[in-house]
Amino acid sequence: MERTTMERTAFIAATGTALPGEPIGNTELGAALGVSDEWIDVFVGTRTRYFGRDLVTGEIRDTLADLCAEAAAEALERSGLETGDIEFLVLATATPDRLLPTTAAQVADRLGLDHLPVYQLQAGCSGALQAVELGQKLLAAGAGAGLVVGGDVTHRHLDLRGRVARLPTQELVNYVLFGDGAGAAVLTAEPAGDAVAVRGLVHRMAGLGREPGQLIDWYGITDRDTPRPLLAEDYKAIEEHVPGMAVELLWDVLGEAGWQPEDVDHLLPPQLSRRMTERIAERLSLPDAHEVSCVTDTGNTGNALPFLQIDLLLQKMARGERAVVLAVESSKWIKTGLGLEKV
């Protein structure tokens with residue numbers, strides 16, 4: 001039997017966000033890493049970002065589980081639902097607190113959720129929308145409501161011993177590009193709360209035969225002394241390929257949703273850095289759409305970013321308006337996107 005449109009549609013009832021501590025400006029970050037604040041501004045254009053680690057003392061103040069639980073609790077409170085209404089939790093991250101137990105399970109425990117499926121997706125910034133995709137499928141399978149969460153913490157990679165400035169640029173860029181944060185959304189099978197419908201979701205790996213554009217490695221007991229880099233970013237390849245991939249993704253989302261460019265009221269472009277976001281938004285050529293970006297003030301928070309953007313969107317989205325959310329992950333060139341419509 002063919003499902004009705006309502007049965008195929010997921011709705012965002014509410015969102016929540018979490019950013020740790022006070023914003024860290026380029027001067028403070030540059031002093032901690034031994035690089036100039038002018039270089040940070042010229043290279044990435046980010047003004048501030050947030051860290052769950054004190055850059056002076058090295059003290060860890062917020063873990064990924066802390067931030068994800070905070071964002072999810074806020075989304076749940078805003079939705080008006082109770083914990084007993086939540087039937088699944090999906091969490092996407094590239095930087096889990098541990099390999100086991102999963103951060104997803106830790107977050108569920110902190111929220112008082114039990115006896116429900118909990119999933120953790122290992123992914124870069126595309127993982128946030130992958131989580132929405134999985135949530136949509138769980139709703140279509142019969143669930144009434146669930147939590148989707150995305151977050152990353154990069155402070156564990158910050159070397160505060162003054163050696164960072166000597167790193168090659170493809171490694172150094174990771175120290176100034178990223179920040180910590182989390183975001184979450186409550187998905188429902190029927191309109192509730194903010195009642196924003198998910199339309200035209202796209203998720204495609206487009207990296208067949210192509211070298212990764214980003215690398216985050218992991219060392220075990222047998223290879224912890226290996227000389228290979230823990231972090232690497234092929235920023236030249238990213239500059240070359242991501243804008244074009246974003247344009248392809250935009251048209252894919254519009255096609256899946258059955259929309260035309262003039263139907264889009266709000267554009268949520270990929271948030272790699274301020275410099276790259278400006279370049280991408282120009283290539284997307286939606287001059288009548290209002291751009292919703294936050295990377296200049298939050299830094300690249302990975303899986304948190306799409307939720308941070310959607311949270312900003314919901315504060316200004318009027319009934320009947322439409323938005324397109326795009327994320328391009330350079331690790332193995334993954335494109336994810338979706339349309340949102342305020343019903």
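The values are calculated or read from the model by the stated rules, or taken from the named source; none is laboratory data. What you see is a predicted model, and the numbers here were worked out from it, not measured in a lab. As a convention, Cβ positions derive from the backbone with ideal geometry for all residues, glycine included, and neighbour counts pool all protein chains shown.
The table that follows gives values for the structure above.
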item: Test for Arg204: is it in contact with a strand residue (DSSP E or B) (Cβ under 7 Å, 6 or more places away or on another chain) and either of a type outside the set (Ser, Thr, Tyr) or not in a helix (DSSP H, G or I) (or both); result: yes
item: Residue list for region 269-292, restricted to those being modelled with pLDDT of 95 or more, under 23 Å from Val153 (Cα atoms) and more than 12 Å from the chain's Cα centre (by Cα); result: Val292
item: Residue tally, condition under 30 Å from Ala189 (Cα atoms) and of a type in the set (A, V, I, L, M, F, W, C), over region 14-62; result: 3
item: Exclusive hit being hydrophobic (A, V, I, L, M, F, W, C) and either surrounded by fewer than 19 Cβ atoms within 10 Å (Cβ to Cβ) or more than 20 Å from Thr15 (Cβ to Cβ) (or both), set Ala327, Ala304, Ala323, Ala318; result: Ala318
item: Residues within region 169-187 that are modelled with pLDDT under 70 and either assigned to a strand (DSSP E or B) or not hydroxyl-bearing (Ser, Thr, Tyr) (or both), tallied; result: 2
item: Filter result for the condition that a residue is of a type outside the set (Asp, Glu) and touching a residue at least 24 places away in the same chain (Cβ under 8 Å), over Thr103, Thr57, Thr27; result: Thr103
item: Single condition Val253 does not satisfy, out of (1) at pLDDT 95 or above; (2) over 27 Å from Ile40 (Cβ atoms); (3) out of contact with any Leu (no Cβ under 8 Å at 6 or more places or on another chain); (4) not hydroxyl-bearing (Ser, Thr, Tyr); result: (3)
item: Helices (runs of 4 or more DSSP H) enclosed by region 1-86 - at least 3 residues per element that are surrounded by fewer than 22 Cβ atoms within 10 Å (Cβ to Cβ) and within 20 Å of the chain's Cα centre (by Cα); result: 64-79
item: Region 310-332, subset touching a Ser or Thr at 6+ places or on another chain (Cβ under 9 Å) and among the β-branched types (Val, Ile, Thr), residue nearest to Leu254 (Cα to Cα); result: Val325
item: Only listed residue being more than 24 Å from Arg274 (Cβ to Cβ), without any contact (Cβ under 8 Å) to a residue 40 or more places away in the chain and of a type outside the set (D, E, K, R), chosen from Val118, Val132; result: Val118
item: Residue in region 307-326 that is more than 11 Å from His266 (Cα to Cα) and assigned to a strand (DSSP E or B) present; result: yes
item: Which numbered condition Thr154 fails, given (1) modelled with pLDDT under 95; (2) surrounded by 14 or more Cβ atoms within 10 Å (Cβ to Cβ); (3) in contact with a Gly (Cβ under 6 Å, 6 or more places away or on another chain); result: (3)
item: Among residues of region 330-343, those that are surrounded by fewer than 24 Cβ atoms within 10 Å (Cβ to Cβ) and assigned to a loop (DSSP other than H, G, I, E, B), counted; result: 4
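Results for (1) surrounded by fewer than 18 Cβ atoms within 10 Å (Cβ to Cβ); (2) among the small types (Gly, Ala, Ser), shown as yes or no for each residue.
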residue: Gly193; (1), (2): no, yes
residue: Leu201; (1), (2): no, no
residue: Arg228; (1), (2): yes, no
residue: Lys236; (1), (2): yes, no
residue: His241; (1), (2): no, no
residue: Leu249; (1), (2): no, no
